[in-house]
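Chemist: Quick one: structure below, then a few questions.
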Amino acid sequence: MEKYIINGGNKLYGGVEIQSAKNSVLPVLAATVLTDEKIRVLNMPDISDVRNMVKILTRLGCKAVFDGNDLIVDSSCADCYEIPSELAHELRSSVFLLGSVISRFHMAKIAYPGGCDIGLRPVDLHLTGLKRLGVEITEENGYIICKCDKLCGNEIMLDCPSVGATENIMLAAVKAEGTTVIKNAAREPEIEDLQKLLNCMGAKVKGAGSSSITIEGVKRLGGCDFLPISDRIEAGTFLIAAAMCGGEIELKRACAENISSLLHKLRENGCKIRVGNDKIILENHRRLTSVKSIETQPYPGFPTDLQAQITALCCICRGQSIVTENLFETRFKYVPELRKMGADITVINRNAFVRGVEKFRGATVIAHDLRGGAALVSAGLAAEGRSEILDISHIDRGYGSFEYKLRKLGGDIVRVSV
Ligand code: UD1
């Protein structure tokens with residue numbers, strides 16, 4: 001077990017390069033199973049979700065080797081369609097493999113997925129979508145078992161725009177017979193990125209980024225080199241940390257358009273933000289004013305993956321805020337931890353009522369999930385005194401070289417083993 005020790009109070013100055021998007025890389029790795037040719041994914045983030053996905057691919061018989069920061073996946077010898085529980089529980093995105101594994105083997109057996117404990121996170125929409133493509137699904141001892149003679153294109157209407165379900169159906173449909181149309185599809189930039197990869201492999205997908213995606217099935221897919229988009233959630237986390245600590249930071253390889261909902265709120269708070277080609281500069285030298293209300297929504301709305309971090313910011317703004325979480329039921333687990341640091345927050349159902357205090361005080365707190373953990377780190381950096389953040393393995397799931405990057409910006413943060 002490892003923890004962070006943070007001596008708060010330093011302003012953040014300097015530049016940092018944003019990693020490739022975790023939420024793009026994971027479905028991209030799932031897509032590698034669709035071809036016998038090599039896929040080289042460039043500039044992989046050094047995060048444990050990727051390492052776990054690689055373990056699963058290896059278990060399926062694929063060969064995955066790192067070449068510097070690139071990962072080369074060769075699925076030509078994939079020979080297994082089962083993802084056992086010890087691997088699936090480490091990573092919720094293992095469920096994305098259902099679509100590609102069923103496409104390849106016409107069989108798939110996967111234990112119910114794990115991931116952050118942030119609510120019920122059902123997979124019913126994934127399964128309903130796959131059934132519409134001709135897959136028979138049964139459940140047995142915690143496993144989802146899928147079988148089909150062949151996959152056939154169909155029209156699929158999602159009850160809500162689930163990111164994972166949209167991606168899983170795309171992966172299953174690219175080599176199905178005929179045309180698939182996904183209606184009420186999620187519109188996240190990572191879905192457009194998956195479309196880009198699939199089309200590079202020879203698929204015929206269009207419409208990603210809008211709520212209707214059309215996939216014309218093709219017989220075979222080939223290899224390619226692919227550079228995923230940059231991680232808008234990592235970018236947002238650094239911007240919020242700098243807004244909280246004060247200072248001036250420049251994010252390189254960052255896409256402002258993909259986090260315009262956050263930039264809008266930060267400007268409303270009082271931050272100065274400049275946007276250039278692939279870069280975002282944030283400057284703040286004073287205590288910010290609260291934003292009255294923030295609600296998480298599917299893209300292009302405010303991302304649920306930045307909810308914890310923006311709430312931490314609201315805690316030290318002048319005035320009151322209401323933060324509403326509309327996507328996941330239990331995404332306020334970090335709140336009691338922020339309270340230990342002096343925050344004044346009351347949670348009622350899906351709303352966090354925040355009254356701004358002057359400063360956080362250093363404290364020992366526990367990271368219960370990935371984004372909540374990142375919020376605690378930002379609070380520790382902005383706090384007066386010393387904080388310890390325990391259980392940081394959650395943070396390692398999604399932030400590569402986190403403390404290294406923060407130290408480069410001037411944060412006093414070290415990782416120690418306990
Ligand atoms: C993805 C992201 C995650 C982000 C989330 C929402 C990845 C690897 N993860 O997760 O970081 O927080 O999008 O932007 O890309 N739902 C159902 N049934 C389903 C599937 C989802 O009811 O079968 C509901 C969920 O409970 C939730 C909502 O749909 O309320 C959105 O979830 P979804 O978009 O599927 O999130 P993930 O794909 O799991």
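Chemist: My understanding is that a pair violates if its Cα-Cα distance is over 27 Å; which of Lys55/Lys196; Lys3/Lys340; Lys204/Lys279; Lys3/Lys196; Lys22/Lys175 do that in this structure?
Modeler: Over 27 Å apart, Cα to Cα: Lys204/Lys279; Lys3/Lys196.
Chemist: Here's a follow-up. Hey, fewest Cβ within 10 Å first, where do Val347, Val33 land in order?
Modeler: Val347, Val33
Chemist: Once each part is reduced to its C-alpha centroid, what is the distance from the range 44-59 to the range 279-352 in angstrom?
Modeler: 30 Å
Chemist: Does a label point 7 Å from the Cα of Asn351, set along Cα-to-beta-carbon, have any residues of the range 277-317 with amide nitrogen under 14 Å, and which are they?
Modeler: Residues 292-296 fall inside that zone.
Chemist: Rule-of-thumb check for the range 105-259: C-alpha Rg over 2.2 N^0.38 Å?
Modeler: Compactness ratio reported: 1.21.
Chemist: Roughly what % of DSSP beta bridges within the range 116-191 run antiparallel, to the nearest 5?
Modeler: Bridges in the range 116-191 that DSSP calls antiparallel: roughly 55 percent.
Chemist: On to the next question. At a 10 angstrom cut-off on C-beta neighbours, averaged per residue, how do the peptides 408-418, 333-343 rank from highest to lowest?
Modeler: Taking the mean over residues of other Cβ atoms within 10 Å, the ranking is 333-343, 408-418.
Chemist: OK, next. Evaluate the Kirkwood expression for the hydrodynamic radius of the range 9-56, namely the inverse of the mean inverse distance over all pairs of different C-alpha atoms, and round to one decimal in Å.
Modeler: 12.8 Å
Chemist: Right, here's the next one. Using +1 on the beta carbon of Lys and Arg, -1 on that of Asp and Glu, and nothing else charged, what's the dipole of the chain about the Cα centre, debye to 20?
Modeler: About 940 debye.
Chemist: In what sequence do Asp225, Asp79, Asp49, Asp305 fall when counting other Cβ within 10 Å, fewest first?
Modeler: In order of increasing Cβ crowding within 10 Å: Asp79, Asp225, Asp49, Asp305.
Chemist: Please sort 95-106, 156-167 by packing, taking for each peptide the average over its residues of neighbouring beta carbons within 10 angstrom, highest first.
Modeler: Going from most to least packed, we get 95-106, 156-167.
Chemist: Set the Förster radius R0 to 41 Å, insert the Cβ-Cβ distance between Lys131 and Ser393 as r into 1/(1 + (r/R0)^6), and round the FRET efficiency to 0.05.
Modeler: With a Förster radius of 41 Å, E is 0.70.
Chemist: For the range 267-404, just run the numbers: alpha carbon Rg, then divide by 2.2 N^0.38 Å, N being how many residues it has.
Modeler: So the range 267-404 has a normalised radius of gyration of 1.02.
Chemist: Over the chain, consider all pairs of different Cα atoms and compute the Kirkwood hydrodynamic radius from their mean reciprocal separation; express it in Å, one decimal.
Modeler: 21.8 Å
Chemist: Another question, if that's okay. Give the long-range amide H neighbours of Gly15: residues separated by 5 or more places, or on another chain, with amide H under 5 Å away, using H modelled in the peptide plane at 1.01 Å from N.
Modeler: Glu250
Chemist: For Arg361 and Ser76, what is the calculated FRET efficiency with R₀ set at 60 Å and r taken between the beta-carbons, to the nearest 0.05?
Modeler: With R0 = 60 Å, the Cβ-Cβ based efficiency is 0.60.
Chemist: Rg to Rh for the range 208-268: what is it, with Cα atoms only and Rh by Kirkwood?
Modeler: Taking Rg over the Kirkwood Rh, I get 1.17.
Chemist: Tell me, what is the FRET efficiency for Ser417 and Arg318 to the nearest 0.05, using R0 = 56 angstrom and their Cβ-Cβ distance as r?
Modeler: With R0 = 56 Å, the Cβ-Cβ based efficiency is 0.90.
Chemist: Of the DSSP beta bridges with both residues in the chain, give the percent that are antiparallel, rounding to the nearest 5.
Modeler: If we restrict to bridges inside the chain, about 70 percent are antiparallel.
Chemist: Considering only DSSP beta bridges with both partners in the range 145-273, what is the antiparallel share in %, to the nearest 5?
Modeler: 60 percent
Chemist: Using only the Cα atoms, work out Rg/Rh for the range 58-183, with Rh taken as the Kirkwood radius, to two decimals.
Modeler: Computed over Cα atoms, the ratio is 0.97.
Chemist: Fewest to most neighbouring Cβ within 10 Å: what's the order for Cys317, Cys152, Cys77?
Modeler: Neighbour counts put them in this order, fewest first: Cys77, Cys152, Cys317.
Chemist: Considering all alpha-carbon pairs of the range 1-102, what whole percent are spaced by more than 18 angstrom?
Modeler: Tail fraction, whole percent: 51.
Chemist: Here is a further query. Using mean Cβ contacts within 10 Å as the protection proxy, how do 324-331, 235-242 order, highest first?
Modeler: Highest to lowest by the protection proxy: 235-242, 324-331.
Chemist: What do you get for Rg/Rh over the range 172-234 if you use C-alpha atoms and the Kirkwood form of Rh?
Modeler: 0.99
Chemist: Three principal axis extents, largest first, for the C-alpha atoms of the range 228-348, in Å?
Modeler: Dimensions of the range 228-348 along the principal axes of its Cα atoms: 41, 31, 21 Å.
Chemist: If you don't mind, there's one more thing I want to ask. Which residue, chosen from Cys245, Val174, Ser210, occupies the Cα position most advanced towards the positive end of the dipole of the range 168-271, where the dipole is computed from +1 (Lys, Arg) and -1 (Asp, Glu) charges on Cβ about the Cα centre?
Modeler: Final value for the positive-end residue is Val174.
Any read-out appearing in this document is the output of simple, stated calculations on the displayed coordinates, not a laboratory observation. These figures come from a predicted structure and were not determined experimentally. A quick note on method: Cβ atoms are made from the backbone with ideal geometry, for glycine too, and the neighbour counts reach across all protein chains shown.
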